[in-house]
Amino acid sequence: MFGNYERRMPRLMQNTRVAMRDGVELSCDVYLPPTGDGPWPVILSRTPYDNAREGGVKRAVWFAKRDYAVVLQDCRGRCDSDGEWNPFFDDARDGHDTVVWCGEQPWSTGKVGMMGGSYGGFNQWMAAREQPPYLAALVTTSSAGRWMEELPYRFGVYSTFWIIWLQLVGARTSQPGYGGAFDGLAPIDWEWVTTRRPLRDQDLVIGRLDSVWREWLRHQTFDDYWQEISC
């Protein structure tokens, strides 16, 4: 019975360490088809939301059963990956280096596609901007990245939604308070927090000095800071 289970389920290589150009190692869970030595085309998904989340794992298993190698990576500074988390700013280089790694593995055909939504859509465009060899396709949904038009400012008005998002991703693992932000179940009263002024102190209201929140507030125009992470 166990032998049959092994043969029909993907093979999993957990916490595979992939070195970036600066030596920082990012964590990947690699799903290979149940049988054979390959090579197979590769699907790469990079996420700040934990590469072991149920939805991502289910997709990885589905594709691996259909003869794809799937790589789920924790973004720099998140979950099992090393380094410092600085949202949006390392995804071009890290995406490029990870695509190259995927393309050069013995189980890879050298064809790498990326997939993901929201932040996982944004980081695909940033990787593509660097023109890595082996990158063959992008599948992006609801991709973020129109700086100063949709985030974190909406045509000049700073969106207080981002204090909620930064609470979720403000440490190595996901933090409490985000999941119930829109159904009243959060342990943080977001309606109260997001109406506090001045804006720069909203992080203190939830008990967290957030350097990213404060840095974003210092850049109120489409200056060099935002241009660095634009396609």
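Do we find that T195 is touching a strand residue (DSSP E or B) at 6+ places or on another chain (Cβ under 6 Å) and not small (G, A, S) in this structure?
no
In the stretch 80-126, what residues are at positive phi and among the hydrophobic types (A, V, I, L, M, F, W, C)?
If the condition is that a residue be at positive phi and among the hydrophobic types (A, V, I, L, M, F, W, C), then F88 is the only one that fits.
Only one of S159, S142, S118, S108 is open to solvent by less than 60 Å² (accessible area, probe 1.4 Å), touching a Gly at 6+ places or on another chain (Cβ under 9 Å) and of a type in the set (S, T, Y); which?
S108
Inside the stretch 162-193, can you point out the residues that are hydroxyl-bearing (S, T, Y) and either modelled with pLDDT of 85 or more or open to solvent by 80 Å² or more (accessible area, probe 1.4 Å) (or both)?
T173, S174
Looking at L166, is it over 25 Å from I229 (Cα atoms) and assigned to a helix (DSSP H, G or I)?
So L166 does not fit the description; no.
What are the residues in the stretch 34-67 that are open to solvent by 70 Å² or more (accessible area, probe 1.4 Å) and touching a helix residue (DSSP H, G or I) at 6+ places or on another chain (Cβ under 9 Å), if any?
T35, K65
Could you check the stretch 12-21 and list, in sequence order, the residues that are more than 16 Å from V100 (Cβ to Cβ) and not in a strand (DSSP E or B)?
Across the stretch 12-21, there are no qualifying residues.
For the stretch 104-135, enumerate the residues that are more than 30 Å from H219 (Cα to Cα), free of Cβ contacts under 8 Å to residues at least 60 places away in the same chain and in a strand (DSSP E or B).
Result: L135, single match.
Each row is one residue, and each column tells you yes or no for (1) closer than 20 Å to N15 by Cβ; (2) of a type in the set (S, T, N, Q).
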position: S81; (1), (2): yes, yes
position: W85; (1), (2): yes, no
position: R93; (1), (2): no, no
position: V99; (1), (2): yes, no
position: G110; (1), (2): no, no
position: G113; (1), (2): no, no
position: Y134; (1), (2): no, no
position: V139; (1), (2): no, no
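Can you tell me how many residues within the stretch 83-98 are in a loop (DSSP other than H, G, I, E, B) and either closer than 21 Å to S143 by Cα or open to solvent by less than 10 Å² (accessible area, probe 1.4 Å) (or both)?
Residues meeting the conditions: 6.
Within the stretch 16-33, which residues are surrounded by 15 or more Cβ atoms within 10 Å (Cβ to Cβ) and either farther than 16 Å from D94 by Cα or not aliphatic (A, V, I, L, M) (or both)?
T16, E25, S27, C28, D29, V30, Y31, L32, P33
Tally the residues that are open to solvent by 40 Å² or more (accessible area, probe 1.4 Å) and free of Cβ contacts under 8 Å to residues at least 24 places away in the same chain, restricting the search to the stretch 197-222.
The total comes to 12.
The values are calculated or read from the model by the stated rules, or taken from the named source; none is laboratory data. Keep in mind the model is a prediction, meaning the values are calculated, not measured. Positions of Cβ are generated from backbone atoms using ideal geometry, with glycine treated the same way; all protein chains shown enter the neighbour counts. Surface accessibility is based on the protein's heavy atoms, side chains included, excluding ligands, DNA and RNA. Shrake-Rupley method; radii C 1.70, N 1.55, O 1.52, S 1.80 Å.
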